[in-house]
Amino acid sequence: MDDGFKPHSSHWGVFSARWQNNALEVRSDANDPDPNLIVNNFPGALRHQARIAKPMIRRGWLERGAGASSRRGRDGFVAVEWGEALDRLAAELLRVKDSHGPGAVFGGSYGWASAGRFHHAQSQIHRFLNLSMGGFVRSVNSYSAGASSVIVPHVLGNYHGLTMNNVTWEQLAAHSEIVLAFGGMALKNSMIAGGGISQHVERGAMQRAAERGCKFLLVGPLRQDLPDEAAAEWISAIPGTDTALMLALVHTLVTEGLHDQAFIERYCEGWPVFQSYLLGKADGQPKDAAWAAPITGLAAEEIAALARRLHGKRVLVTVAHSLQRAEHGEQPVWMGALLASVLGQIGLPGGGYGYALGAIGYYGRRNNAVPSPTLSQGHNGVAEFIPVARIADMLLNPRGHYRYDGETRSYPDIRLIYWAGGNPFHHHQDINRLRRAFAQVDTVVVHEIAWTATARHADFVLPVTMTLEREDIGYSASDPLMVAMHRIAEPFGEAKDDYDVFSGLAQRLGSGDRFTEGRDAREWLEHLYDRTSKSLELQGIPAPSFEEFWEAGRLTLPQKPDDGGFLRAFRDDPVAHGLKTPSGKIEIFSSTIASFEDPDCPGHPTWLVPTDGTRPGAPLFLVANQPATRLHSQLDFGSHSADAKWRGREVASMHPHDAAARGLTDGDIIRLFNERGACLAALRLTTDIRLGVVQLPTGAWYDPVDPEEENPLCVHGNPNVLTRDVGTSALAQGCTGQLTAVEVEKFEGNLPPIRAFIPPSSGPP
Ligand SMILES: Nc1nc2c(c(=O)[nH]1)N[C@H]1C(S)=C(S)[C@@H](COP(=O)(O)OP(=O)(O)OC[C@H]3O[C@@H](n4cnc5c(=O)[nH]c(N)nc54)[C@H](O)[C@@H]3O)O[C@H]1N2
Ligand SMILES: Nc1nc2c(c(=O)[nH]1)N[C@H]1C(S)=C(S)[C@@H](COP(=O)(O)OP(=O)(O)OC[C@H]3O[C@@H](n4cnc5c(=O)[nH]c(N)nc54)[C@H](O)[C@@H]3O)O[C@H]1N2
Ligand SMILES: [Mo]
């Protein structure tokens, strides 16, 4: 490309970029029908002062050595040369390994990092810890799908198939008659896909379906959770009550004989036990529309009418990830499968259960017919793990007991935390508690591109390259375009690739050759590409050489047919293609889960009253959802993210009536607070939000007004100072960050400055 633009890819899409005259320009891919504007965070971010220029060590760690310290997040830093940083860190890694073993290292390192397959930070750190340290304590599951990824295998037998090979956008556009979307399918969310996608198809698919006459019904607190193109009807139920609503829908269907009894008998296990709960035979309370009305805030007649509309139609029930990122998050996921079963829709084209469709761009598509280029991670010699969102519990209660998926387990005793490619001070709940947890360990190591709050809470801060500063391969399992990600700009300051940092450490620990296998980064790309080209050749498809691929910048891969996945196969032949559940059927009652005897996750879908509901002192639901103008906390210092803020603060939305009751007006700076913490935000009034709800997206960087305080006010608008750090249930122990209860008031004081993007103080030793 002669104009200097070179191909690259990111979680927000495929694009090309050019660095010229000290300025970065980005262009979305010409073939993308609905490009993602989040790429516009790149230009301002690449050379922003928030980038980290040199390796840094926390002053207190340098002066006093490794050890528990409440100074993390409070001390200044000392700039050191790379050689010294790596020597000191290698010595500390050896000390921990020799005196405590690799089981004292937490290397879960959860996070989205960047899109390339080789510089994938989690693969790099896990490979390093396995090969050079003998292993590490890992984390399982995700913040995305903590509850669903544990309950779905018990109930439907296949989580991966449910999300990655199920009802597609093509089917929805062609066949669905009603899409009942719990939590919606916000375009802001499907704009994102790990690994990068080249075509954002969701808006077009919803538009085609609506034009064909398909009705979209949105259940959720925000009208914007379905795009205008879907022309949706909005059912604004109280957040966290979807299970009660679905129970009442099923109750109406069953008592009016509108359910598919034949489907239930042929494909489902345990209906009678559930039915007795549904009809109130077990507890004297039928789960009917009148029962659900005060719980959900909807009229009983509206609920019953909705149920009747679903009968006899090709219905797709979708449940967003968000519903399960809350206390008892297992229940709406399970209940959604049950509702789709009672309607007899599972396995039909454009019908059934589209769990998480639209939550991330890689769902609802055809899958590639060639395997992903993946860096091998070696063998982890440590068996211990935690459910990912239990990190603060683990650090605060070493050897403490907890329940998970039917087992009583104990937390490991962690001495060293090593993070690359994630931002726990973005993603974790109750950040003030997380600060106390991070104070417990001997040493915290973070690789970062920028001064995130996680970097500020580390002892070793190692500056790494941003994706634009290195070469990689872009690939997503359900997008046919493989991208040769060219280097666009030189590394910032002294930043190194994660790979080079780990190579340097591995060398010092005596495992350099094992880690690098003698390859530099370019040679690794050729090696990874080899797997793809061999697989193409096996299928009789001529594969370009690596050099040809690199020159062309892209390669279109073959894809598998849209076959409806395991649920279609199960519907077609429930014996030959039985589900991987104990009964081989959809488990409406699970005797396995019942046998765990955890009261917060009984043996069938159940309405369980939340313990963090609204209350005096915290009368509003806070919906802390995904941000529209960035991916999580990434490049929050870029201009697309900054432009959406007001006076530098994240924007919170609220209904005018709730605002008036508090004497608030549009544009006010507000203080959101509860017993855990407080943050500032700028107020936006809208009637597109349910009464009693305030929405503040995640991702504004934690910015404590005074880091010396125990529970400082976040002046920027990070909702995770407010959220509660408890698991979804004893079954899955998933993240519950989506919903919590707060109060809001006008902030009257002088507005403190935003300092999150100014590097912390550093000086000579
Ligand atoms: N309250 C609340 N909290 C939530 C959620 C919610 O709904 N509500 N959602 C949750 C969900 S679903 C998720 S997935 C998590 C997301 O949490 P994270 O994935 O931790 O968030 P990111 O901001 O994507 O963090 C990635 C970090 O990696 C850095 N990075 C990027 N590229 C590289 C690289 O090449 N190398 C290295 N070393 N670093 C790199 C970025 O600068 C960034 O700091 O948040 C969760 N938190
Ligand atoms: N732009 C952008 N897109 C993203 C991300 C991002 O950071 N930025 N993150 C990506 C990641 S890692 C993930 S896992 C997905 C997450 O996908 P989701 O978890 O589905 O996304 P959220 O935006 O958190 O929530 C979707 C909507 O659910 C609604 N909601 C909240 N609580 C309830 C409830 O109790 N009931 C009902 N019916 N609705 C409720 C909210 O109005 C919210 O807007 O998003 C992905 N997409
Ligand atoms: Mo996520």
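Each of 513, 430 has its accessible area taken with a 1.4 Å probe; listed largest first, they run 513, 430.
Relative to the longest principal axis of the Cα atoms of the chain, helix 82-100 runs at roughly 60 degrees. Where the centroid of each part is defined by its Cα atoms, how far is segment 440-495 from segment 531-575 in Å? Computed from Cα coordinates, the inter-centre distance equals 29 Å.
Whole-Hz Karplus values for segment 546-562 come out as 4, 4, 5, 4, 5, 5, 6, x, 7, 9, 8, 9, x, 10, 6, x, 7 Hz, taken residue by residue from phi with 6.51 cos²θ - 1.76 cosθ + 1.60 and θ = phi - 60°; glycine and proline positions read x. Counting only protein heavy atoms, what percent of the accessible surface of segment 157-364 is carbon or sulfur at a 1.4 Å probe? In segment 157-364, the share of accessible area belonging to carbon and sulfur is 51 percent.
Across the chain, the relative contact order, built from alpha-carbon pairs under 8 Å that are at least six residues apart, equals 21 percent.
Charges were assigned to the Cβ only: +1 to each Lys and Arg, -1 to each Asp and Glu. The resulting dipole of the chain about its Cα centre is roughly 520 debye.
Angle, helix 521-538 long axis vs. longest principal axis of the chain, Cα atoms, 0 to 90°, nearest 10? With both axes taken from Cα atoms, the answer is about 40 degrees.
Bridgeable aspartates and glutamates around residue 287 (alpha carbons under 19 Å apart, same-chain partners fewer than 8 residues away excluded): 242, 256, 260, 301, 302, 330, 600. The residues neighbouring residue 455, those whose beta-carbon lies less than 12 Å from its own, together hold a net charge of +2 under the Lys/Arg +1, Asp/Glu -1 convention. Between 249, 282, 236, the Cα set farthest toward the positive side of the dipole of segment 225-325 (charges on each charged residue's Cβ, about the Cα centre) is that of 282.
Need one word for segment 620-746: rounded, prolate or oblate. Basis is the Cα gyration tensor (sqrt eigenvalues a ≥ b ≥ c); a/c below 1.5 gives rounded, then a/b vs b/c decides. The shape class here is rounded. Straight-line cross-link reach from residue 585 at under 15 Å between alpha-carbon atoms covers these aspartates and glutamates, not counting any fewer than eight positions away in the same chain: 265, 269, 572, 573.
Summing +1 for each Lys or Arg and -1 for each Asp or Glu, what net charge is found among the other residues whose Cβ lies under 12 Å from the Cβ of residue 263? Please list the in-between numbers first.
Details: positive: 266, 571, 585; negative: 260, 265.
Once positives and negatives cancel, what remains is +1.
Between amide H atoms placed 1.01 Å from N, distances below 5 Å from residue 458 occur with 73, all of them 5 or more places distant or on a separate chain. Measuring with a 1.4 Å probe in the full set of protein chains, what accessible area per residue, in whole Å², belongs to segment 157-364? Result: 30 Å² per residue. From the square roots a ≥ b ≥ c of the eigenvalues of the alpha-carbon gyration tensor of segment 610-661, which class results: rounded (a/c under 1.5), prolate (a/b over b/c), or oblate? It comes out oblate by the Cα gyration axes. Considering only 353, 307, 696, the residue lying farthest towards the positive end of the dipole of the chain is 696, judged by Cα position with unit charges set on Cβ.
Out of segment 428-480, which trypsin sites (Lys or Arg not before Pro) are coil in DSSP terms and have no more than 16 other C-beta atoms within 10 Å? Display every interim value, and only then the final one.
Details: sites: 433, 435, 436, 456, 470; in loops: 470.
Sparse-neighbourhood loop trypsin sites (Lys or Arg not before Pro): none present.
Against the main long axis of the alpha-carbon atoms of the chain, helix 121-133 sits at an angle near 60°. In segment 157-364, taking the dipole from charged Cβ atoms about the Cα centre, the farthest positive-side position among 296, 191, 217 is held by 191. Taking θ as phi - 60° and the Karplus parameters 6.51, -1.76 and 1.60, the scalar couplings of segment 320-335 work out to 6, 3, 4, 4, 9, 8, 7, 3, 6, x, 5, 5, x, 5, 5, 5 Hz in sequence order, x denoting glycine and proline. If you take the Cα centroid of segment 1-76 and the Cα centroid of segment 88-157, the two points sit 23 Å apart. Isolated cysteines in the chain, defined as those with no second cysteine Cβ under 4.7 Å, comprise 214, 268, 601, 735. Only the Cβ atoms of Lys and Arg (+1) and of Asp and Glu (-1) were treated as charged; on that basis the dipole of segment 590-655 about its Cα centre amounts to roughly 460 debye. Helix content alone sets the calculated 222 nm mean residue ellipticity of the chain: runs of n ≥ 4 DSSP H residues at -39500 (n - 2.57) each, divided across all residues, give -8000 deg cm²/dmol. Return the subset of 645/746; 188/215; 560/580; 6/496; 188/746 for which the Cα-Cα distance in this structure is over 24 Å, preserving the input order. Table pairs above 24 Å Cα-Cα are 188/746. The value of relative contact order for segment 620-746, using C-alpha pairs under 8 Å at least six residues apart, is 33 percent.
The values are calculated or read from the model by the stated rules, or taken from the named source; none is laboratory data. As the structure is a computational prediction, the values presented were derived from the model and not from experiment. Positions of Cβ are backbone-derived with ideal geometry, glycine not excepted, and every protein chain shown enters the neighbour counts. Side chains are part of the model used for accessible areas, which takes the heavy atoms of the whole protein and leaves out ligands, DNA and RNA. Shrake-Rupley method; radii C 1.70, N 1.55, O 1.52, S 1.80 Å.
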